[in-house]
Amino acid sequence: QVQLVESGGGLVQPGGSLRLSCAASGFIFRIYTMGWYRQAPGKQRELVAIITRDDNTRYVDSVKGRFTISRDNAKSTVYLQMNSLKTEDTAVYYCWTNNNGHWGQGTQVTVSS
């Protein structure tokens, strides 16, 4: 069955960096679009970044120039490199695939001094 397992979240100070990873299994990773969403307390889940099978990427405006999404098809893993983190980036980050819209369990990112 499809599994998406996120890791790499944690507590970081404003201006710091984190790299999230999402290890996928149970499907042919390389042919699907992958993405990262986030949900802050009291807010709707929002798209952060996606990467297609052809490595085309798209970002929400608020993270452009700070976050980078990438994928390693050999490892069936998608990454989100987050730099210059802000307090408003605090949220649970979810991995997603357009393979029937499966989600990971989420990983908490907290940006606080």
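The values are calculated or read from the model by the stated rules, or taken from the named source; none is laboratory data. The structure displayed is predicted, hence computed values, not measured ones. Reconstructed Cβ throughout: ideal geometry from the backbone, glycine too, with neighbour counts over all protein chains shown. Protein only, heavy atoms only, side chains kept; ligands, DNA and RNA dropped before computing areas. Shrake-Rupley method; radii C 1.70, N 1.55, O 1.52, S 1.80 Å.
If I build a Gaussian network model for the chain, linking alpha-carbon pairs within less than 10 angstrom, which residue out of Q44, Q13, Q81 has the largest mean-square fluctuation?
Q44
Out of the total accessible area of the chain (probe 1.4 Å, heavy atoms of protein only), what percent is carbon and sulfur?
Here it works out to 44 percent.
Within region 63-106, whose backbone N sits under 11 Å from a point 7 Å along Cα→Cβ of A23?
76-77
With the crude spin-label approximation of a point 7 Å out along Cα→Cβ, what separation in nm comes out for N56 versus S112?
It works out to 4.0 nm between the two label points.
On a C-alpha basis, how far is the centre of region 89-104 from the centre of region 2-48 in Å? Whole number, if you could?
A separation of 6 Å, based on Cα centres.
Along the Cα→Cβ direction, 7 angstrom out, place labels at K64 and Q1. What is the inter-label distance in nm?
3.9 nm
Determine how many Å³ per residue the convex hull of the Cα atoms of the chain encloses.
Value for the chain: 89 Å³ per residue.
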